[in-house]
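Right, one structure below, let's go through it.
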Amino acid sequence: MTSKGMSGVAYACGGTTGQKKLPRAPEYNLPLETVVRIALTCIYIALEFKAPFVRKIQPEELWLYRNPRTDSYVPLTMLWPIVLGVPGLAFTLHYLRTRDRQELRCTVLAFTLGLGLNGVITNTVKIAVGRPRPDFFWRCFPDGVLNDELHCTGKDMRALIDGRKSFPSGHSSFAFVGLGFLTWYLIGKLHLMNERGRGRSVRVIAAGLPLFAATMIAISRTCDYHHHWQDVTVGSLIGIVLSYLCYRQYFPAFSDRNCHVPYALLDATPSSPNRVKRAQPQPAGGTAPNTPAHRPTHYEARAQDDEQEQDSDTETRRLLSSSPAEQKEAKWI
């Protein structure tokens with residue numbers, strides 16, 4: 001009674017389950033995703049020129065804003081190459097090793113989504129809050145002379161507008177959304193959170209270096225008196241949360257054995273034991289169809305090696321838990 005319509009689908013974990021299908025890998029609308037990121041970038045640039053809320057300053061709180069004006073320890077000409085260049089270099093090096101365009105596309109989509117969302121959110125909050133910077137007094141009163149109404153006498157309007165955009169720190173949020181994403185990327189590629197790579201000190205240090213660099217950039221914003229510590233803290237949280245959220249939109253959890261593979265490639269990649277794997281159905285005649293030879297991809301080859309390693313470990317555990325007679329027989333074999 002075998003027929004094509006009633007034949008079950010065989011699974012690697014054993015047994016058949018009729019016509020049940022697995023969730024397919026997501027298909028991304030690349031033109032739409034590109035338009036979204038361009039729109040976020042345009043909104044971010046437009047918000048850069050918006051005037052912030054003018055918050056009233058009380059005389060008793062002026063001491064918070066009397067810090068000296070200094071140059072940035074990490075100017076924008078240094079920040080952008082770090083935030084964009086360092087992760088971009090890591091993505092490029094990995095692509096040169098794997099030659100996988102689909103994975104590179106997913107990585108760039110996740111990374112750019114985090115940057116765009118971070119820019120819009122950070123600038124929107126800056127404009128809405130309008131908190132003065134620690135050096136705002138000298139922007140407002142360059143000669144150091146106060147007046148009773150506390151009306152600014154400074155003529156540099158650009159410095160005055162920028163002086164009311166302290167909360168949250170843009171340097172901190174961009175440092176953590178860019179370098180934080182690189183940390184998540186390295187954790188996934190190096191398998192730091194699952195049995196394949198945990199316990200390797202060199203890998204831990206390599207993955208933690210981007211977060212350390214982002215932390216130092218954030219701290220520098222309090223040392224040059226451009227931000228209060230609250231600005232830096234909230235900006236860092238915004239960046240790290242967005243980087244993880246956008247990373248997980250395209251990559252599995254770190255505890256997954258295939259955490260290094262994007263969702264878009266998991267459907268075509270042999271899976272881990274905790275994932276159900278689909279096998280090719282056999283024709284009714286029992287002969288394999290004449291199909292061209294398939295060359296394993298980089299991820300398929302690695303997954304096959306992992307499965308062989310798992311089979312060997314399973315056999316070893318079975319022998320260790322067997323009776324002495326079976327162990328003796330296995331030893332002679």
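Details
- Estimated inter-spin distance, Trp63 and Thr233, nm [label 7 Å along Cα→Cβ]: 2.0
- For the stretch 68-76, Karplus couplings with θ = phi - 60° (6.51, -1.76, 1.60), whole Hz, Gly/Pro x: x, 7, 9, 6, 5, 5, 10, x, 4
- Only Lys, Arg, Asp and Glu carry charge here, each on its Cβ (+1 for the first two, -1 for the last two); on that basis the stretch 181-271 has a dipole of about 320 debye about its Cα centre.
- A 1.4 Å probe run over the stretch 134-245, with the rest of the protein chains in place, finds 45 Å² accessible per residue.
- Among the protein heavy atoms, those of Val54 account for about 100 Å² of accessible surface (1.4 Å probe, every chain in place).
- Measuring only protein heavy atoms, the 1.4 Å probe finds Glu48 accessible over about 90 Å².
- If R0 is 51 Å, the Cβ-Cβ spacing of Arg101 and Thr153 corresponds to a FRET efficiency of close to 0.30.
- Evaluated with a Cβ-only charge set (Lys, Arg +1; Asp, Glu -1), the stretch 90-210 carries a dipole of roughly 760 debye about its Cα centre, given to the nearest 20.
- Take each peptide in 66-72, 170-176, count the other Cβ atoms within 10 Å of every residue, and average; sorted highest first, the result is 170-176, 66-72.
- Solvent exposure, largest accessible area first (probe 1.4 Å, DNA, RNA and ligands not counted), of Val177, Val202, Val145: Val202, Val145, Val177
- Straightening the chain between Met78 and Ile127 buys 15.2 nm, computed as 0.36 nm per residue apart minus the Cα-Cα spacing.
- Selected from Cys140, Gly130, Ser173, residue furthest toward positive end of dipole (the stretch 98-178; charges at beta carbon): Ser173
- Cβ crowding within 10 Å averaged over residues, with 98-111, 130-143 ranked highest first: 130-143, 98-111
- Per-residue surface analysis assigns Ile43 an accessible area of about 80 Å², computed on protein heavy atoms at 1.4 Å probe radius.
- When the solvent-accessible area of the stretch 57-118 is split by element, carbon and sulfur atoms take up 64 percent of it, the probe being 1.4 Å.
- Were the residues from Glu195 through Cys42 laid out at 0.36 nm apart, the gain over their Cα-Cα distance would be 50.8 nm.
The values are calculated or read from the model by the stated rules, or taken from the named source; none is laboratory data. Here the structure is a predicted model, which is why all the values come from computation and not from measurement. All Cβ positions, glycine included, derive from the backbone under ideal geometry; neighbour counts span all protein chains shown. In case anyone asks, the SASA skips ligands and DNA or RNA and just uses the protein heavy atoms, side chains included. Shrake-Rupley method; radii C 1.70, N 1.55, O 1.52, S 1.80 Å.
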